Amino acid sequence: MKRSSSLVMYTVLILSAMSVSVRGLAYGSVASDVLAGYQQSGAQPPDPERARVMWTEKYPDDNGKNTRSCASCHTENLRAAGKHVRTNKAIEPLAPSINRERLTDANKIEKWFKRNCKWTFGRECSAQEKSDFLSYILTQ
């Protein structure tokens, strides 16, 4: 219980700081609302460290010949630009501290989680995984 309370407090502090210093109130509200939705769907308090580990974990692709990870396209440094490994399309930095467009639209957050989780993991992410990833991205 103590660990759970610490994680909730940590997340609240991060979201508070992000809403004031990085994006303004609208940014913090969107991220907070999305995280709250994941918890209403059964997710436990988010764990950004768990997401950091998953970010670089390798998963087999569709044909099982290659592996991919979140970092394959978005890089290990979310503050840096990435590139899609199949299309070579440029990807703007994912970190909201660098890219003001990130995490400002709940529908886009869900759209990209759905698409990227299916492509990387071969399935949709659970509410817990999305909660963890979103909290990790918010720390960047």
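Read-outs: derived from the displayed coordinates by stated rules, not from any lab. Quick caveat: nothing in here was measured; it's all calculated off a predicted structure. Note that we place each Cβ from the backbone using ideal geometry, even for glycine, and neighbour counts take in every protein chain shown.
Overview of results
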| read-out | value |
| --- | --- |
| The range 72-138: GluC sites (Glu not before Pro) in DSSP coil with no more than 14 other Cβ atoms inside 10 Å | Glu76, Glu101, Glu124 |
| The range 88-140: relative contact order in percent, alpha carbon pairs under 8 Å with at least 6 residues between | 36 |
| Glu76-Thr56 pseudo-label distance in nm [points 7 Å out on the Cα-to-Cβ vector] | 0.3 |
| Thr87 versus Gln44: modelled label distance in nm, points set 7 Å from Cα along the beta carbon direction | 3.6 |
